[in-house]
1. Want the number for Arg146 to Arg111: 0.36 nm per residue separation, take away the alpha-carbon distance, what's left?
2. Throw me the Rg/Rh for the range 49-193, computed over C-alpha atoms with Kirkwood Rh, two decimals.
3. Could you work out the equivalent-ellipsoid semi-axes for the range 117-202, taking the square root of 5 times each eigenvalue of the Cα gyration tensor, largest first, in whole Å?
4. Grab the beta carbon distance between Thr215 and Ala129, set R0 = 30 Å, and tell me the FRET efficiency rounded to 0.05.
5. Suppose R0 equals 45 Å. What FRET efficiency, 1/(1 + (r/R0)^6) with r the Cβ-Cβ distance, do Ala88 and Trp368 give to the nearest 0.05?
6. Taking a virtual spin label 7 Å from the Cα of Arg160 along the C-beta vector, which residues in the range 190-230 bring their backbone nitrogen under 18 Å of it?
7. Calculate one ³J(HN,Hα) per residue across the range 312-326 by plugging θ = phi - 60° into the Karplus curve 6.51 cos²θ - 1.76 cosθ + 1.60, and present them in order as whole Hz with x for glycine and proline.
8. Can you pull a Stokes-Einstein diffusion coefficient for the range 188-319 at 4 °C (1.567 mPa s), Rh from Kirkwood over Cα pairs, as a whole number of µm²/s?
Amino acid sequence: MALLAAARRLPRRPLLLLLRPRRLTSSSSPAPDPDTPAAPSPVRSPPDEQFAAWVTRLRPGFTASDLAAAISAEPDPDLALALFRWAALRPGFRHAPESYLAALNAASSGRRPAAAEALIHDVLAGACAPDLRLLNACLRFCCARRSLFPLAFDMFNKMRAFPASAGCRPDVETYTLLLTAVVRRVRRPPASMVYLHAVRSLSRQMKASGVVPDTFLLNLVIKAYARCLEIDDALKVFREMPLYGCEPNEFTYGYIVKAMFQKGRTDKGMAYFAETREKGFVPSGGVYMIAVASLALEWRFDESKRVLLDMLDCKRKPDMITYRTLLEEMCRAGRTEEAFELLEELKERKRGALDQRMYSELLDGLHWIAQPHRDSRPVHDKGSDD
């Protein structure tokens, strides 16, 4: 009674706006007031005319393939999902994997995550026959969202539980999706060791199930080991690549070389770096920069300079830290004149020359290191003269 009394006190036009239907209207629903302005809705319902046109376009006795083609041909995700729900209410109709796959693609591409998640839960509950393409599509959607990451492993375990005759066991795409999502969370030890256990487990299951990996999948495993500085495990996978008919590429060598330098194995890192260049691969800028800095910190300036010039020739641009590490370490080693000469050489290069701002900052830094300071005693010797 209190609610009705409060409603009577409201003006007529705001009350009509509150009572205006926002979804599909049936024939028994009251007609809206033509004088009432249309209120914007965050969730747009498909118009009755479009929905009726699609319903009449589907011939009587349509199959799941016909429905999947209609859903895929509709650019409006709300109308496509409405067709999917309408077909589920038809007597004698049962959705097939292709109709679920079309609805899932419409929901994910149309940015309807709640609808896509509901479809995935239906598939996980067995609403349709198992299908490898559909299960991998569900995995792809779950792996792209952090909140649905546990649901992806539930789907993976369901796929492993299927008999081999069903043809829905995990394949290369399945392991690639899961490993990509896991490796994306692997940063640096020790926090990333939790995800490294998942990488080891997936790798063992892949070998036990007889799935033959490709180069991209093996690179994911090597990348996870290299980020956690587990170099021996990374090299083991690297040596197993020819057994699967896979050849290492520039990314494979990049992960190995970068981990070697981070671990302090400079000689091994340079050996793999030289092998990379002999095969004609061009490392990434990060690999070049860590090689230049690691060699400079060990005062191997000739090698560091050679790697830096090769980096510039390959159109890879170093950052300020890389330049400063090499030039300032040369000054600390007593090779100040060579450092200034190298700076001028870098400025006058035709390919990869220094810009004026970076050149000025590097020049000021070299002057500051090279000049004699007023108080050059070590920190522990500084203090009062009493």
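1. Residue separation times 0.36 nm, minus the Cα-Cα distance, leaves 11.0 nm.
2. 1.04
3. 25, 14, 9
4. E(calc), rounded to 0.05, equals 0.35.
5. 0.05
6. 194-213, 221
7. For the range 312-326, the Karplus curve yields 5, 5, 8, 6, 9, 9, x, 9, 5, 5, 5, 4, 5, 4, 5 Hz.
8. In µm²/s, the coefficient is 84.
The numbers here are math on the coordinates, done by the rules we state, and not lab data. Keep in mind the model is a prediction, meaning the values are calculated, not measured. Here the Cβ is made from the backbone with ideal geometry for all residues, glycine too, and neighbour counts use every protein chain on show.
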